[in-house]
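*Asks:* Below are the structure tokens for one structure; questions will follow.
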Amino acid sequence: MKKTDARWDDMSVIESCGNVFIDLGFDEAEAKVMLMRADLMLALERHITAQGWTQAEAAKHMGITQPRVSKLKKRKWDEFSLDMLVTLAARVGLHTELKLAA
């Protein structure tokens with residue numbers, strides 16, 4: 001008889017704090033940077049799709065190689081720093097802005 005994982009029986013719902021990385025247990029500071037990186041990667045991926053660019057065309061616009069574009073589209077977030085993602089966004093004409101709140 002096959003055993004089932006008891007975790008699948010738990011149907012409780014926990015409300016998110018608004019940052020999935022904090023919900024997953026990452027340090028708050030690190031989680032905020034991770035969320036910014038994820039948001040930028042998604043924006044870049046959507047922009048590439050909206051422009052109808054191939055990965056090779058996107059690479060030319062961003063000044064990186066096609067394999068790097070592939071990693072971006074596969075959301076390999078650990079391959080890109082926040083600085084690099086901001087730079088790539090600027091190269092394709094996306095405006096990034098950091099807002100600070102107390």
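*Asks:* Tell me the net charge near A56. Cut-off is 15 Å between Cβ atoms, A56 excluded, with +1 for each Lys or Arg and -1 for each Asp or Glu. Don't skip to the end; give the middle numbers.
*Replies:* Values: positive: K60, R68, K71, K73; negative: E57.
Result for the neighbourhood of A56: +3.
*Asks:* Here is a follow-up. Given a 10 angstrom Cα cut-off, can you work out which residue in A89, A29, A43 is the most mobile in a GNM of the chain?
*Replies:* So, out of A89, A29, A43, the one fluctuating most is A29.
*Asks:* Another question about this same structure. Whole-Hz Karplus ³J(HN,Hα) for segment 66-81, in order, using 6.51 cos²θ - 1.76 cosθ + 1.60 and θ = phi - 60°, x for Gly and Pro?
*Replies:* 4, x, 5, 4, 4, 5, 5, 5, 8, 6, 7, 4, 6, 8, 10, 7
*Asks:* Where Lys and Arg each count +1 and Asp and Glu each count -1, what net charge lies around S70 among other residues with Cβ under 12 Å from its Cβ?
*Replies:* Working: positive: R68, K71, K73, K74, R75, K76; negative: E45, E79.
Neighbour charge sum, excluding S70 itself: +4.
*Asks:* Starting at the first residue of segment 52-65, write each ³J(HN,Hα) from the Karplus equation 6.51 cos²θ - 1.76 cosθ + 1.60 with θ = phi - 60°, in whole Hz, x for Gly and Pro.
*Replies:* So the J values, rounded to whole Hz, are x, 6, 6, 4, 5, 5, 4, 4, 4, 5, 8, x, 10, 7.
*Asks:* Using helices alone, I'd like the mean residue ellipticity at 222 nm for the chain: each DSSP H run of four-plus residues gives -39500 (n - 2.57), total over residue count, nearest 500.
*Replies:* Values: 5 runs with 54 residues, N = 102.
Mean residue ellipticity, 222 nm, calculated: -16000 deg cm²/dmol.
*Asks:* Kindly provide the GluC sites (Glu not before Pro) of the chain that DSSP labels as loop, not H, G, I, E or B, and whose Cβ sees at most 10 other Cβ atoms within 10 Å.
*Replies:* For GluC sites (Glu not before Pro) across the chain that sit outside H, G, I, E and B with at most 10 neighbouring Cβ atoms in 10 Å, the list reads E15, E97.
*Asks:* To continue, here is another question. Name the residue farthest towards the positive end of the dipole of the chain from the options T4, S16, V69, assuming +1 on Cβ of Lys and Arg, -1 on Cβ of Asp and Glu, about the Cα centre.
*Replies:* V69
*Asks:* Rounded, prolate or oblate: which fits the chain when a ≥ b ≥ c are the square roots of the eigenvalues of the alpha-carbon gyration tensor, with rounded for a/c under 1.5 and prolate only if a/b beats b/c? Can you show the working numbers first?
*Replies:* Values: a/c = 2.84, a/b = 1.60, b/c = 1.77.
Since a/c reaches 1.5 but b/c is at least a/b, the shape of the chain is classed as oblate.
*Asks:* So which residue, out of M36, M11, M62, gets the largest mean-square fluctuation from a GNM of the chain using Cα contacts under 10 Å as springs?
*Replies:* The residue that fluctuates most here is M11.
*Asks:* Could you identify which residue out of A31, A59, A50 has the top mean-square fluctuation in a GNM of the chain using Cα springs shorter than 10 Å?
*Replies:* A50
Read the figures in this text as sums done on the coordinates, not as results from a lab. If you're wondering where the values come from, they're calculated on a predicted model, not measured in any experiment. As a convention, Cβ positions derive from the backbone with ideal geometry for all residues, glycine included, and neighbour counts pool all protein chains shown.
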